[in-house]
Every structure is written in C-alpha cells, then in structure tokens.
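*Asks:* Below is the structure I would like to discuss, written out as structure tokens.
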Amino acid sequence: MKRFLITLCVALSALMCAEAAHAVKRVKVVSFNIVVSNHETENGWDIRKSAIARFLAEEQPDIVGLQEATYMQIQYLLAGMPDYLFCGVSRDTGTKGGGGEYSAILYNRKRFEALDNGVFWLSATPDRPSRSWNDAVQTRIEPHPGAMKHNRICTWVRLQDKSSKKEFFFFNTHLEFGYHADQNLGQTAREKGVELIVEKMRELVPEGMPVILSGDMNQMTDNRCFTPLYEFGMKNSRVEAAKVISEENRNSITWNGFNFGANKASTFEQEDKSKGPGNFFMIDYIYYKNCKAVEYRTIRDRRYGEEPEVDGTPYMSDHYPILAVMKM
C-alpha cells in the first residue's frame with residue numbers, strides 16, 4: 001500500500017507539472033511612444049523620465065514596444081528594469097548603440113527566451129538603413145520636418161515562454177508621419193510599410209503561431225493602409241478585448257500632444273472628435289493573430305511632476321501608452 005501511495009503521488013505530481021507547463025498563459029503587452037529625448041525645458045526627457053520608469057515598474061508588462069526611443073532612453077529605463085533585455089537597432093545606423101531612434105522591444109528575460117530577432121526597414125531596400133515611398137512634405141497648414149526625413153524600421157523577436165515552452169512572435173514599428181489636417185501625407189509610405197510587415201510575417205512566422213504587432217501607426221484604424229493586416233487575419237486588441245475600463249477609455253485618443261491633462265477632453269478642436277474609431281488622434285495599436293485579447297486599456301492615469309495626480313499636469317509623453325493582455 002505504501003509503495004502504491006508513493007507511486008500515485010509521483011504520478012499526480014507529474015500530471016500537475018505537465019498541466020502547469022501547458023496552462024494557458026497571459027502576456028501583458030504595452031505599446032508606448034515615449035518621445036525622442038530632447039532638451040526642451042517644459043517637456044524634456046529629464047522631466048519625464050522618472051514618471052515613465054515608474055509607470056513601467058507599476059504595470060510590470062511582460063513585453064514593451066517602444067517608439068521614438070533613443071539608446072540613452074532605453075538604457076535609462078533598463079537600469080530600473082533589471083529583469084529585462086531589449087531587441088533593436090538605430091534606424092539611422094543599423095547598429096545597437098548608434099544614434100537616432102529605435103523601435104525597441106523590451107521583454108522579461110526571466111519569463112522569456114529570445115530564440116531569434118531582427119529588424120527590417122520599411123523601404124524598397126529593407127535590409128539596410130533606408131527610406132522610400134514618401135509623399136509630399138507640405139501639409140495644408142505647415143511643412144512638417146519629419147516627413148520624408150526619417151527612416152522607418154520594424155523590430156521583431158521570436159520568444160519562448162520558459163515555463164510553457166509556448167513560442168510566439170512580436171513585431172514593433174513606427175509608421176510614416178501623418179497629419180490631422182492632411183491625412184494623405186505619408187499615406188503611400190504607410191501602405192507600403194504595412195504591406196512589407198505582413199510580407200515579413202508570412203516569411204518568418206510558422207502557420208498557427210501567435211504573432212503580435214505593436215506600434216505608433218500614425219493613422220486611424222479604418223484607414224486602408226491597415227487592409228493587409230486584416231486580410232492576413234490580424235485583429236485589433238482595442239476592438240476585440242472583452243475587458244475594458246469603460247467604452248470611453250476604449251475609444252480614447254492615444255496622442256495628446258502634451259496639450260491635454262490625463263483626465264481632460266482629448267481633442268484639439270471639439271470634444272466629439274475624441275470619441276469613436278474615426279478619431280485621427282487614435283493612432284497607437286496592438287494587433288494580434290492566433291491568440292486572444294482579453295483586456296485593453298489606454299493608460300491615462302500616470303502623469304509626471306511633483307504632484308502627478310494634480311489635474312492638468314502635463315503627461316509623461318505626448319502619447320498615452322496602451323496596454324493589452326493576451327491569452328496565448
């Protein structure tokens with residue numbers, strides 16, 4: 001009897017371990033344009049950086065897709081995130097440590113192992129720093145210095161959950177600049193860029209494997225530039241997630257331009273523009289395929305300053321970070 005009980009305990013223990021290893025895992029993902037480091041007195045990096053670090057420490061996302069991040073900014077954030085590593089290179093030099101912006105991916109190394117990673121440029125020559133397909137730089141209101149000036153890059157990583165052994169891909173990008181007064185600005189580059197991202201997904205991601213795409217897309221969700229994503233089977237976490245704080249939060253803008261307090265109306269011109277999928281300032285997204293979005297949030301409750309909860313205090317970035325919890 002004793003031997004039988006020991007055998008039974010061993011068998012049950014093995015079964016429980018096997019079930020735990022294959023249990024459904026949830027992955028918390030954040031996409032955040034932190035704004036390139038600058039020396040402005042009012043909204044400079046030195047003023048904002050501690051609030052961004054605090055936000056990441058409080059939320060503890062499993063994976064973060066950053067846009068407009070410089071190497072210096074990434075290193076500052078990683079100093080407060082010892083369990084994280086990052087993938088990505090400078091969009092200008094193609095090197096890690098080089099100047100210019102990164103579309104970096106930060107991931108929790110205690111939970112995930114990076115099996116492979118890489119980058120490609122959103123251009124006709126994706127294997128090297130380059131740019132293509134840009135439209136006219138002149139908007140109806142003013143010339144924008146970002147148009148036709150910057151390379152655009154996409155970073156990807158193949159991750160394996162160390163516990164469940166589940167594998168998935170994560171892509172992160174920053175599409176060509178758009179403008180609320182002229183939505184055709186950069187449209188060709190955005191369309192071609194998304195087409196290339198889907199082409200790379202088809203090339204890299206095995207059939208049936210989960211894939212997630214985060215990014216500052218510089219365009220609203222119903223724009224035709226996203227058609228290749230939908231045709232590929234990607235879904236929008238903002239739309240699909242069952243759990244949200246409120247419908248107002250689901251439909252919140254994601255670009256605030258440092259002009260809106262986190263609890264105030266979120267539009268340049270009139271309040272109703274901040275509601276619904278047609279809002280141009282709703283430009284940050286987390287798309288996914290072969291997994292499920294169970295929660296979505298637009299993070300509008302973390303501001304920087306000595307009194308971060310005082311209404312009207314400028315936000316820690318000119319974008320609100322967005323968060324999705326994925327069931328893999």
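*Asks:* Going through the stretch 37-78 one residue at a time, which ones are β-branched (Val, Ile, Thr) and under 20 Å from residue 215 (Cα atoms)? Even if it seems obvious, please write down each step before you answer.
*Replies:* Kept after step one, since they are β-branched (Val, Ile, Thr), are these residues of the stretch 37-78: 41, 47, 52, 63-64, 70, 74.
Correct list: 52, 63, 64, 70, 74.
*Asks:* Would you tally the residues in the stretch 248-297 being modelled with pLDDT under 85, among the charged types (D, E, K, R) and in a helix (DSSP H, G or I)?
*Replies:* Here the count works out to 4.
*Asks:* Test each condition in (1) within 26 Å of residue 185 (Cα to Cα); (2) buried (at least 17 other Cβ atoms within 10 Å of the Cβ) for residue 86 and report the one that comes out false.
*Replies:* The single condition residue 86 does not satisfy is (1).
*Asks:* Next question, about the same structure. Would you be able to tell me the number of residues in the stretch 76-101 that are within 21 Å of residue 54 (Cα to Cα) and assigned to a strand (DSSP E or B)? Even if it seems obvious, please write down each step before you answer.
*Replies:* Of all residues in the stretch 76-101, those within 21 Å of residue 54 (Cα to Cα) come to 76-86.
When the remaining residues are screened for being assigned to a strand (DSSP E or B), the result is 84-86.
Total satisfying the criteria: 3.
*Asks:* While we're here: Go through the stretch 90-110 and count every residue that is within 16 Å of the chain's Cα centre (by Cα) and surrounded by 21 or more Cβ atoms within 10 Å (Cβ to Cβ). Reasoning before the result, please.
*Replies:* The initial filter retains those residues of the stretch 90-110 that are within 16 Å of the chain's Cα centre (by Cα), namely 101-108.
From the residues that got through so far, the ones that are surrounded by 21 or more Cβ atoms within 10 Å (Cβ to Cβ) too are 101-107.
Residues flagged as within 16 Å of the chain's Cα centre (by Cα) and surrounded by 21 or more Cβ atoms within 10 Å (Cβ to Cβ) within the stretch 90-110 amount to 7.
*Asks:* Starting from the stretch 148-160, take each residue that is at pLDDT below 95 and list its partners that are surrounded by fewer than 17 Cβ atoms within 10 Å (Cβ to Cβ), counting only C-beta distances under 6 angstrom and pairs at least six apart or across chains.
*Replies:* What qualifies is 148/137.
*Asks:* May I pose another question? The conditions are (1) closer than 19 Å to residue 292 by Cα; (2) over 16 Å from the mean Cα position of the chain (by Cα); (3) touching a residue at least 12 places away in the same chain (Cβ under 8 Å), and residue 225 fails exactly one of them. Which is it?
*Replies:* (1)
*Asks:* Out of all the residues in the stretch 45-63, is one or more within 19 Å of residue 131 (Cβ to Cβ), crowded, with 19+ Cβ neighbours inside 10 Å and under 17 Å from the mean Cα position of the chain (by Cα)?
*Replies:* No, because not a single residue in the stretch 45-63 is within 19 Å of residue 131 (Cβ to Cβ), crowded, with 19+ Cβ neighbours inside 10 Å and under 17 Å from the mean Cα position of the chain (by Cα).
*Asks:* If you don't mind, there's one more thing I want to ask. Does residue 118 satisfy the condition of being assigned to a strand (DSSP E or B), modelled with pLDDT of 95 or more and surrounded by 14 or more Cβ atoms within 10 Å (Cβ to Cβ)?
*Replies:* Working: assigned to a strand (DSSP E or B): yes; modelled with pLDDT of 95 or more: yes; surrounded by 14 or more Cβ atoms within 10 Å (Cβ to Cβ): yes.
In short, yes.
The values are calculated or read from the model by the stated rules, or taken from the named source; none is laboratory data. Predicted model, so just to flag it, every value in this text is computed and none were measured. Neighbour counts are summed over all protein chains in view; Cβ atoms, including those assigned to glycine, are modelled from backbone coordinates with ideal geometry.
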